[in-house]
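The values are calculated or read from the model by the stated rules, or taken from the named source; none is laboratory data. On a predicted model such as this, the values are computed, not experimentally measured, just so you know. Neighbour counts run over all protein chains shown; Cβ positions are idealised from the backbone, glycine included. Remember, those area values only see protein heavy atoms, side chains included, never the ligands or the DNA or RNA. Shrake-Rupley method; radii C 1.70, N 1.55, O 1.52, S 1.80 Å.
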Amino acid sequence: MPFSSAQVNAISIIPCVTGSLSVIGSLSIIYSICSDWKKKISRIYYRLLLPFSIFDVIFSFTVALGSLPAPEGSHNASWAKGNTATCTAQGFVNSIGYAATYYSASLSISFLLSIRFSKTEDWIKRHVEPYLHIIPTVLAIGPAIAGLPLGVFNWAGNKCWIAAHPLGCDYNDELVCTRGVGDNTVLFRWLAQGMWVMLAFVIVALSMIMIVWSVWTLERRMNARYSSTFDLRGSSSSTEGDLAVQQEMQRTRQIAMQALCYIMSFFLTWAWTYIDRTCMYETGDRPFFFLVIGQFFYPLQGFWNALIYHYRLTHATRRSARLRENAALRTRLSLEGITRQGTNSSQSKDHINLTDIVEREFPLTDSSKSDSSSKSSDSGRINPDNNESSDLENQDSSDYMSRSDKFMENLSSSSS
């Protein structure tokens, strides 16, 4: 069904806006990682997210160009100002950018190995990570290079992509194809990109199911364990081992939540495009609603990634500040109790300045970040957080509590 001029303009404008948002989002992630390169590059999470964001910049930028590179006079290309060469360049670079889609699967696999199979970051680095980089890159660059001599990059109705020229000649007998692979265009598109995007869908979906199942099963075991522990002890007090298990459970839950956010952003980005393509192949028509929704969402992967990334960054910063405040308050209350006891003893003349002691032992500044950063890798798990304070969050207050306990033991022994 032919679209009106207003509909054509909407189809052209929307991906320019959303593609630009995605470029900005991915660039912010790249800047954040590169600004703390020495520390963050040691984590597989950042090593996967960096090329993911780079390829997304490439992909989103070509989408944001819209119909500008298309040859003048192209069907439904209201702002076409290019020629065959510029259209080929857009299609070629856009195909390379599809590596960002495949990196979504790589990121899901890394989360799955850490959460479901309890693989350490060092194990993933040695046995799996090279393939998580090589496969997405080859699957994107290989078909792009193969398509150049075949002339498959032409105007596809919303951008220059894999299509026959003139548009529709591969299924309309009244048109004669002058570029591309003619009737084999759909097959080439499927072999070059479609089947691999679908495989990424399957991998991401299976990863999400297995991650949710693993966390749910682990929480059930934890609840059963602590229910029995409560019955045996007759109280809700926890041992040091229990606290360690609780902290590991909380860390696993945080990693799983972040993994699910990236997975859901992938589905939100690509689901509408697949619905649109399915309608086109099944009915021969493209409903305007699904086309517009698809045009709006499918360039937004980098934007969703940036929201998730920077939310975790802000959350980690606030959480580390709360941990310092809680540890300081815990020590302050304990010191007040010791001071009252000392007042009734022969040592009541010794004055304890609570404020000075608490501020000295638990400074409410960022100076403790560098000391705690080396301890966060003890678990060997993938760190989901995205700034220096993530190391404090990974410790899950255990470092502060242990320092507080040791300090109180020393103070109690000296006061006695």
Does Glu129 fit the bill of being of a type outside the set (A, V, I, L, M, F, W, C) and at pLDDT 95 or above?
yes
Within region 75-88, residues more than 15 Å from Ser12 (Cα to Cα) and surrounded by fewer than 16 Cβ atoms within 10 Å (Cβ to Cβ) come out as Asn83, Ala85
Of these, Pro143, Pro136, which one is of a type outside the set (Val, Ile, Thr), open to solvent by less than 10 Å² (accessible area, probe 1.4 Å) and at negative phi?
Pro136
For region 148-162, give me the residue count where each residue is outside any loop (DSSP other than H, G, I, E, B) and surrounded by 23 or more Cβ atoms within 10 Å (Cβ to Cβ).
5
For Arg312, indicate whether it is modelled with pLDDT under 70 and more than 30 Å from Tyr171 (Cα to Cα).
no
Does region 166-175 include one or more residues that are without any contact (Cβ under 8 Å) to a residue 40 or more places away in the chain and in a strand (DSSP E or B)?
no
Among the residues of region 2-28, which ones are of a type outside the set (S, T, N, Q) and either touching a His at 6+ places or on another chain (Cβ under 8 Å) or at positive phi (or both)?
none
Evaluate the following for Ile30: is it of a type outside the set (Phe, Trp, Tyr), without any contact (Cβ under 8 Å) to a residue 60 or more places away in the chain and under 23 Å from Leu139 (Cα atoms)?
yes
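So that you can scan it fast, the table gives a plain yes or no per residue for (1) within 27 Å of the chain's Cα centre (by Cα); (2) β-branched (Val, Ile, Thr); (3) at pLDDT 85 or above:
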position	(1), (2), (3)
Asn158	no, no, no
Pro166	no, no, yes
Thr185	no, yes, yes
Gly194	yes, no, yes
Glu219	yes, no, no
Glu240	no, no, no
Val245	yes, yes, no
Is one or more of the residues making up region 1-10 surrounded by 22 or more Cβ atoms within 10 Å (Cβ to Cβ) and assigned to a helix (DSSP H, G or I)?
no
In region 206-217, what residues are free of Cβ contacts under 8 Å to residues at least 40 places away in the same chain and open to solvent by less than 50 Å² (accessible area, probe 1.4 Å)?
Thr217
The residue from Thr283, Thr252, Thr269, Thr278 that alone is buried (at least 21 other Cβ atoms within 10 Å of the Cβ) and modelled with pLDDT under 80 is Thr252
Complete set of residues in region 33-75 that are of a type in the set (S, T, N, Q) and not in a loop (DSSP other than H, G, I, E, B)
Ser35, Ser53, Ser60, Thr62
Just to be sure I understand, how many residues within region 278-299 are in contact (Cβ under 8 Å) with a residue 60 or more places away in the chain, part of a helix (DSSP H, G or I) and not aromatic (Phe, Trp, Tyr)?
3
